[in-house]
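Read through the structure below, which is laid out as structure tokens, and then see the notes.
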Amino acid sequence: MKDYLKENLREVKERIEEHCKLSGRNPDEVLLLAVSKTKPEEDIMALYEMGVRDFGENYVQELEKKREHLPDDIRWHMIGHLQKNKVKYIAGYVSMIHSVDSLLLAQVIEKEAAKHDRVIPVLIEVNVGEEDTKFGVSMEDAPKLAAEIKKMPHVELRGLMTSAPYVKDPEEDRPVFRKLRQLSVDMNLENDNNEKVVVLSMGMSNDYGIAIEEGSNCVRIGTDLFGARDYTK
Ligand SMILES: *Cc1c(COP(=O)(O)O)cnc(C)c1O
């Protein structure tokens with residue numbers, strides 16, 4: 001086993017605790033989602049053996065291949081842009097889809113979830129910074145999409161997700177996180193579902209400390225856990 005994985009996990013957990021403390025929050029409220037894209041199954045197993053159960057993947061094909069050989073109690077999160085024709089492959093088991101960015105995609109998820117007689121928890125991906133290079137609906141369109149999703153019996157809207165721009169100083173992303181949090185308040189997501197806390201999936205290796213201070217309860221960490229990704233292979 002690669003020793004650095006253990007060390008990385010320890011450091012990430014420490015930082016989560018540190019930033020929770022800074023903002024008077026309970027670290028138990030923050031889900032650590034290990035983003036395993038491009039990483040081998042043995043690395044996933046290593047973290048699994050250290051107790052991690054939530055893993056995030058970006059590509060359906062890669063997820064499908066990995067899942068075959070990995071334990072059944074892993075909770076798989078789809079965090080990457082999802083094509084409508086790929087939903088059918090993951091609808092039977094995916095734990096949460098973070099990247100719902102259109103009504104058409106939500107409708108396909110509804111249809112495929114119904115076939116499996118299950119309800120799929122989803123987040124609406126919001127392009128807070130309105131960057132051309134990013135997927136996600138605008139802040140303005142999010143409430144409309146939410147209203148449509150709430151009518152769907154096999155799709156459960158659990159919250160919002162965003163990816164902040166990559167910046168040198170993560171402080172610069174604070175306004176992005178603050179806006180997403182405010183949007184969830186404006187959308188009344190918390191009141192609607194008394195028993196459930198709204199999910200705010202925000203914060204990556206570069207900026208999760210700031211995201212936690214601004215209310216994130218799901219940080220998606222790849223690089224800081226697994227090391228840098230190599231896309232050349
Ligand atoms: C790759 C990815 C992450 C993880 O990014 P790191 O910077 O490696 O922590 C998080 N969220 C999404 C949507 C991603 O595509």
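Where a number appears in this text, it was derived from the coordinates with a stated rule and is not lab data. Note that the structure is a prediction, hence the values are computed from the model and not measured. We place every Cβ from the backbone using ideal geometry, glycine too, and count neighbours over all the protein chains shown.
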Q) If you take the beta carbon distance between residue 42 and residue 104 as r and set R0 to 41 Å, what does 1/(1 + (r/R0)^6) give as a FRET efficiency, to the nearest 0.05? A) 0.65
Q.
Bins of 5 Å, beginning at zero and ending with the bin holding the largest distance: percent of Cα pairs per bin for the chain, please.
A. 1, 7, 15, 19, 20, 18, 13, 7, 1, 0
Q: Among 129, 163, 104, pick out the residue whose Cα is farthest towards the positive end of the charge dipole of the stretch 73-201, where Lys and Arg carry +1 and Asp and Glu carry -1 on C-beta, about the Cα centre.
A: 104
Q: Per DSSP H run of n ≥ 4, the term is -39500 (n - 2.57); total these for the chain, divide by its residue number, and report the mean residue ellipticity at 222 nm rounded to 500 deg cm²/dmol.
A: -11000 deg cm²/dmol
Q: Just subtract the alpha-carbon distance of residue 141 and residue 10 from 0.36 nm times their residue separation and send over the number in nm, one decimal.
A: 43.3 nm
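Please get the size of the charge dipole for the chain, origin at its Cα centre, with Cβ charges of +1 on Lys and Arg and -1 on Asp and Glu, quoted in debye to the nearest 20.
Values: 34 positive and 44 negative charges, 118 e Å.
Using Cβ point charges on Lys, Arg, Asp and Glu, the chain gives about 560 debye.
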Q. Roughly how many Å is it from the Cα centre of the stretch 9-67 to that of the stretch 174-191, as a whole number?
A. 24 Å
Q. Going 7 Å from the Cα of residue 116 toward and past its Cβ, which residues in the stretch 77-107 have a backbone nitrogen under 13 Å from where you end up?
A. 77-78, 86-98
